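What follows is one structure encoded as structure tokens, with my remarks underneath.
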Amino acid sequence: MFEHTVAELSRLLADGEVTSEALTREYLDRIERLDSRFNSFVTVTGEPALEAARAADAERRAGRAGPLTGIPMAHKDIFCTRGVRTACGSKMLDSFVSPYDAGVVERLQSAGMVMLGKLNMDEFAMGSSNETSFYGPVANPWDEKAIPGGSSGGSAAALAARLTPAATGTDTGGSIRQPAAMCGVTGIKPTYGRVSRWGMVAFASSLDQGGPMARTAEDCAILLGAMAGFDERDSTSVQREVPDYTVGLGQSLEGLRIGLPREYFAEGLDDAVARVIDEAVAEYKRLGAEIKEISLPNTHLAVPAYYVVAPAEASSNLSRFDGVRYGHRCEDPQDLEDLYKRSRGEGFGDEVKRRIMIGTYALSAGYFDAYYLKAQQIRRLIADDFARAFEEVDVIMGPTAPNVAFDRGEKKDDPVAMYLSDIYTLSVNLAGLPGMSVPAGFKGDRPVGLQIIGNYFDEGRLLNVAHQFQQATDWHTRAPENIA
Amino acid sequence: MSLAPDEVRNIAHLARLAIGDEDVPAHADNLSRILELVDQMQQVDTKGVEPMAHPLEGGQRLRPDEVIEEDQREAFQKLAPQTEVGLYLVPKVIE
């Protein structure tokens, strides 16, 4: 059953071809047999999963099943799950068993989904390679020497290895799209505010957004419909109706206006990746779309602006980890300041410390205008670039990342090189727009992702644009070898 | 933009992060390189550009001032490293 998509499993469950319990057992067995190679799960909740599966089967027998009832899934370990450790990839939260469920967790649970466990990630979602996790790196199922991308690296790797048919991710600067691209799976970062951030461990509050990751755009459409919606406990949650994202999935792309930003095809883009993207664009032409070259002139400023805004917000958000109310506490503190400093010094890894320090510096007296205010002005310029582009085109396309997955260890000691690998995804978060990554081909044995960016709340169109591509191509059906 | 070791120590102090002396040079080097990257912003004239704090502009929602949460002090305090009679314990602050 593990080769099936969420949509297929939904039909098989409805037709009585399989039970949720059998399906859940199959996935738990796969995780047990295979995940020692990938390290994509940090916690497996076997017994509770089987219990939830039996309950889902009972709901179905009682005639109360929805499209997601009984389908297994796994959460990125950034989403709080009641009674289950939520460590966010950090030693700081290694002992944190959440007393409550995140909004997204509640929603998927009430849709009847069965949680298999929690997925590995970069520490506090700060990383692009899943190498900053306290629980060790994740291997890319396509090539175990390669990183899976980050920060939702566990989610992407588990999907690629068919250890779960669906996963949640979060995206602050590319953390859904970049790992989806590198592991050959499909993921969507919705418009800022579309999915509740309540119970999602905060990294950069004006950029963070949760979303689904799966094998197909159709699956993402089903999952996003269940995840999205107003949550009064999140002060930035948007009060706006959630459409049925599956309804628009059959629409023709005849006349669709696609913009290709010339800045996304400039220096720094790998030739082989560029060829894959060109081929995907050619496919869209065959599907009836019109291609137009556009310009997003401030693209080169996205990395600098992001690495002020995100660390500044992170330094503020992560000040809550003080060794007093929850999380790691140092041994034998001499006084309160020593308690704070050593608890934080021991609990956080190097990348998190770097970002806290950059943020602290950018917000400190005398530097605020030069860094934080300047970055916010550039953020406006970047958002304005997109607004102008969307006057002329319906969606924007380009590569998700400038290259395929690199080898583990290759950029570990070079934060700046690591940051530049998110060059095409960061501006989408700064503007708050929705963006997707769709499998589009390979360079050698490593997957390449096509990024599709839409206007605010245009997730329905994005998903259909991705779905039409997946009707015409089979990249999304490819699976790594040795995962039987 | 290059940070001296003392500046790194001061930032770490402001952030309440204990950093080993042996780690200061590596942090100074990495933070300096990140600030160099960030400094590309200074080449852009942003005079008159309104800062954008948030993608969805609009005020904060208000709600009626009603009790909507139950007291869960015990559940929350179970997570704390050290508590006593409902209080969070820290080292002595006032002599």
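The values are calculated or read from the model by the stated rules, or taken from the named source; none is laboratory data. Computed from a predicted structure; not experimentally measured. All Cβ positions, glycine included, derive from the backbone under ideal geometry; neighbour counts span all protein chains shown.
Here is a yes/no grid of residues against (1) more than 10 Å from chain A (Cβ to nearest Cβ); (2) at pLDDT below 90:
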position: B:HIS54; (1), (2): no, yes
position: B:ARG61; (1), (2): no, yes
position: B:GLU66; (1), (2): yes, no
position: B:GLU69; (1), (2): no, yes
position: B:PHE76; (1), (2): no, no
position: B:GLY86; (1), (2): yes, no
position: B:LEU89; (1), (2): no, no
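Per-residue answers, yes or no, for (1) at positive phi; (2) out of contact with any Ser or Thr (no Cβ under 7 Å at 6 or more places or on another chain); (3) surrounded by fewer than 24 Cβ atoms within 10 Å (Cβ to Cβ):
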site	(1), (2), (3)
A:ALA146	no, yes, yes
A:LEU159	no, yes, no
A:GLY169	no, no, no
A:MET182	no, yes, no
A:VAL185	no, yes, no
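The requirement of being over 19 Å from A:SER205 (Cβ atoms), basic (Lys, Arg) and not in a helix (DSSP H, G or I) is not satisfied by A:LYS353. Does region A:355-389 hold any residues that are facing chain B (nearest Cβ under 7 Å), surrounded by fewer than 21 Cβ atoms within 10 Å (Cβ to Cβ) and in contact (Cβ under 8 Å) with a residue 12 or more places away in the chain, and which are they? Passing the criteria: A:LEU381, A:ALA383. Pairing each residue of region A:91-107 that is within 14 Å of chain B (Cβ to nearest Cβ) and under 19 Å from A:ARG197 (Cβ atoms) with any residue that is at pLDDT 95 or above and assigned to a strand (DSSP E or B), provided the two are 6+ apart or on different chains, yields C-beta distances under 7 Å for A:PHE96/A:ARG85; A:SER98/A:THR81; A:SER98/A:VAL84; A:ASP101/A:THR81. Taking region A:238-287 as the range and being at positive phi and either in contact (Cβ under 8 Å) with a residue 60 or more places away in the chain or of a type in the set (S, T, N, Q) (or both) as the test, only A:GLY268 passes.
From the list B:ALA75, B:ALA80, B:ALA18, which one is in a helix (DSSP H, G or I) and closer than 30 Å to A:GLU346 by Cα? Exactly one of B:ALA75, B:ALA80, B:ALA18 is in a helix (DSSP H, G or I) and closer than 30 Å to A:GLU346 by Cα, namely B:ALA75.
Of all residues in region A:390-401, those being surrounded by fewer than 19 Cβ atoms within 10 Å (Cβ to Cβ) and either under 24 Å from B:GLN43 (Cβ atoms) or in contact with a strand residue (DSSP E or B) (Cβ under 8 Å, 6 or more places away or on another chain) (or both) number 1.
Restricting the search to helices (runs of 4 or more DSSP H) fully inside region A:1-85 and requiring at least 2 residues that are in contact with a Ser or Thr (Cβ under 8 Å, 6 or more places away or on another chain) and within 29 Å of B:LYS78 (Cβ to Cβ) gives A:46-61. Looking across region B:30-48, the residues that are part of a helix (DSSP H, G or I), surrounded by 15 or more Cβ atoms within 10 Å (Cβ to Cβ) and either of a type outside the set (A, V, I, L, M, F, W, C) or out of contact with any Pro (no Cβ under 7 Å at 6 or more places or on another chain) (or both) come down to B:ASN30, B:LEU31, B:SER32, B:ARG33, B:LEU35.
For the criterion of being among the aliphatic types (A, V, I, L, M), at pLDDT below 95 and in a helix (DSSP H, G or I), A:ALA370 passes. Filtering region B:43-81 to residues that are within 30 Å of A:TYR371 (Cβ to Cβ) and within 24 Å of the chain's Cα centre (by Cα) leaves B:PRO51, B:MET52, B:ALA53, B:HIS54, B:PRO55, B:LEU56, B:GLU57, B:GLY59, B:GLN60. Does at least one position in region A:315-327 carry a residue that is surrounded by fewer than 19 Cβ atoms within 10 Å (Cβ to Cβ) and over 30 Å from B:TYR88 (Cα atoms)? No; the residues of region A:315-327 include none that is surrounded by fewer than 19 Cβ atoms within 10 Å (Cβ to Cβ) and over 30 Å from B:TYR88 (Cα atoms). It is to be established whether one or more residues within region B:5-12 are more than 28 Å from A:VAL324 (Cα to Cα) and touching a residue at least 24 places away in the same chain (Cβ under 8 Å). Scanning region B:5-12 turns up no residue that is more than 28 Å from A:VAL324 (Cα to Cα) and touching a residue at least 24 places away in the same chain (Cβ under 8 Å).
Taking the criterion of being part of a helix (DSSP H, G or I), among the aromatic types (Phe, Trp, Tyr) and more than 7 Å from every other protein chain (Cβ to nearest Cβ), the only residue of region A:302-343 that qualifies is A:TYR306.
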